Every structure is written in C-alpha cells, then in structure tokens.
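Below is one structure, written out as structure tokens, with a few remarks after it.
The values are calculated or read from the model by the stated rules, or taken from the named source; none is laboratory data. Since we're looking at a predicted model, the values are computed, not measured. Cβ placement follows ideal geometry from the backbone for every residue including glycine, while neighbour counts extend to all protein chains displayed. Quick note on the areas: whole protein, heavy atoms, side chains included, nothing else; ligands and nucleic acids left out. Shrake-Rupley method; radii C 1.70, N 1.55, O 1.52, S 1.80 Å.
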Amino acid sequence: MNVVAVFNQKGGVGKTTISVNLAVTLASMGYKTVFIDMDFQGDGTRQLWHGEQPNLTVYDLLARRCCAEEAAVETGFPNLSVVASSRKLSLIEAGSDTAGWRQTELKENGFSRSQVDFLIIDCPPSLGRLAANALTAANFLIVPVTPTAFAIEGMKRTLDIYQAVRAGLNPDLRHYRICLSMMDDKPVSRVLAAEIVSAQGEHLLSTKVPMDADVNKAATYKTPAMLYNPESDFARAMTSTWRRS
C-alpha cells in the first residue's frame, strides 16, 4: 500500500488542493484511494464529503476508538473514501488532548484488513502530533512549494523534518518529491522556480502545477478542481503529473 503524506511547514502553498486532487486523480485511474484529513481546518473534507459529519473521524482513529476501516466513508466518487477531519484535532495540535500523543496511532490503526492502493494524507501546516502521526505512517512525502522566498525556506525546514523522521520514527519514509504549485509567468517566479529545480533535481515532479482561477472557483463550490473543470490548465497539469510519476 502506498501511503502518501502531503506536507509543508509553510501554509498557503496549495497543500490541500494538491492532496484532494491527487486523491481524485488516482481514484479516476482505478486505484482504490482513501483521503485522510489530518488538517483541523477540514477544507479537504468539505470538498470530498457533503453529508452530515460522520460518526467516526480521524480524531477517533487517533484516540484509538476505532480503526481506519471503520472511520472511512464512501464519498460518492468511484474508488474514493475519506476519513473526515474534526474540530477536535485542534485540541490535539494544541497539546490539550492526549489523543495521538504517541505519534504512531495512525500507523497502528491504519488499513490492515482491507485492500487499499493509496492513502493520501493531508497534513496541517505545522509540525505537531498530527503531522508527526502522518509522517510516521507514510512511505512517501510530497512537498508542495510555491515560487516564493518564504515557501522555499519552508521547504528546507520540511526536508530537515523528513530526514529526522526517516532517521528515527519511520525509516520506511524513503522517498519524497517536490511539487511546484501555483506557478505563474512573473520573472521573480521563474527565478525562484529555477532555484528550486537546481537544488532538488531528481526529487522534483516533472510537471509544474499552474496558478488557475478555476481552483478558487472550485473551492467556493466545495468541490475538487479536477471535477469542477476537467479541462482547466490545473486539471491537465495534475493529470499529467501523476500519470508520469
């Protein structure tokens, strides 16, 4: 099973957009995919799940009240399920709730009894118990990075975390890829993108995900951008990226 964490310590880099639409793309390719929303903001859940709040969420999984199979709900999109976010996750991140404190709860309560091809984990933009649980469970990391100086610094800190987790909690976290997101044609963007390409080389995903107004429109309608407009520049880039990777 492929367990992919999407994480960057810097917020505003398209992390949830990348993770949601990656899950949709993989599901559309016929892979049985589960989206796990570890971000207490819950934006990914709102795009993929339009019913009442499920009885069991990722909070219950981290509190060891259930296993992942029990918390997963079908989204209505073929091959795609979601383990929903919960407002209680903010208590875990603030350290005022004991759930998830071992940082191994997600891995220990993951999908052991069902056939799943991909788990896509959307992480919060900070290193606390939630992201630690995700990175401990993952065997692959995607780091979305926008062509800005602050995002590049966030990428560097994130890769330091990746190395630390790989050396300690999770030696199975063997691979990572940088995903250039929210690209535009401004000269400064091209310069910073070239800096990232030079530094990361073989760890860079082949396709750059462009800035696209349809992404914001899709978020307004609480739907994945891949489904809002499958012919958009964003959707074409996403499909090309994951089919090659």
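At-a-glance table
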read-out: Percent RCO, i.e. relative contact order, over the stretch 86-225, from Cα pairs under 8 Å lying at least 6 residues apart; value: 19 percent
read-out: Dimensionless Rg ratio for the stretch 86-155, taking C-alpha atoms and the 2.2 N^0.38 Å reference; value: 1.27
read-out: Cα-based Rg of the stretch 106-245 normalised by 2.2 N^0.38 Å, two decimals; value: 1.13
read-out: Cα-Cα P(r), the stretch 6-137, percent of pairs per 5 Å interval; value: 2, 12, 23, 26, 22, 12, 3, 0, 0
read-out: Long-range HN-HN contacts of V116 with modeled amide H, under 5 Å; value: none
read-out: Cα Rg, Dmax, the chain, angstrom units; value: 16.8, 51
read-out: Full-extension gain in nm, S240 to T98, via 0.36 nm per residue minus C-alpha separation; value: 47.0 nm
read-out: Theoretical ellipticity at 222 nm over the chain - DSSP helices of four or more residues, -39500 (n - 2.57) apiece, nearest 500; value: -12000 deg cm²/dmol
read-out: For the chain: accessible area per residue (Å², 1.4 Å); value: 45 Å²
read-out: Mean separation of Cα contacts under 8 Å (6+ apart) over length of the chain, as relative contact order %; value: 25 percent
read-out: Kyte-Doolittle at least -0.5, axis length at least 18 Å by Cα - qualifying DSSP helices, the chain; value: 15-28, 149-167, 187-200
read-out: Residues listed by number, the stretch 91-123, amide nitrogen under 16 Å from D172 label point at 7 Å toward C-beta; value: 103-121
read-out: Rounded to the nearest 20 debye, dipole of the chain from Cβ charges on Lys, Arg, Asp, Glu; value: 320 debye
read-out: Added length on full extension, which subtracts the Cα-Cα distance from 0.36 nm per residue, S90 to E108; value: 4.4 nm
read-out: Per-residue ³J(HN,Hα) for the stretch 79-93, Karplus 6.51 cos²θ - 1.76 cosθ + 1.60, θ = phi - 60°, Hz, x for Gly and Pro; value: 6, 10, 10, 9, 9, 6, 6, 8, 4, 5, 4, 5, 5, 4, 5
read-out: Modelled FRET efficiency - R0 25 Å, Q115 with E202, Cβ distances, 0.05 increments; value: 0.20
read-out: Residues whose placed amide H lies under 5 Å from that of L204, excluding near-sequence neighbours; value: I178
read-out: Estimated vicinal HN-Hα couplings, Hz - the stretch 224-229 in sequence order (Karplus 6.51, -1.76, 1.60; Gly, Pro = x); value: x, 4, 4, 8, 4, 8
read-out: R64-V191 pseudo-label distance in nm [points 7 Å out on the Cα-to-Cβ vector]; value: 5.3 nm
read-out: Sum of side-chain charges, G11 neighbourhood, beta-carbon under 14 Å (Lys, Arg +1; Asp, Glu -1); value: -2
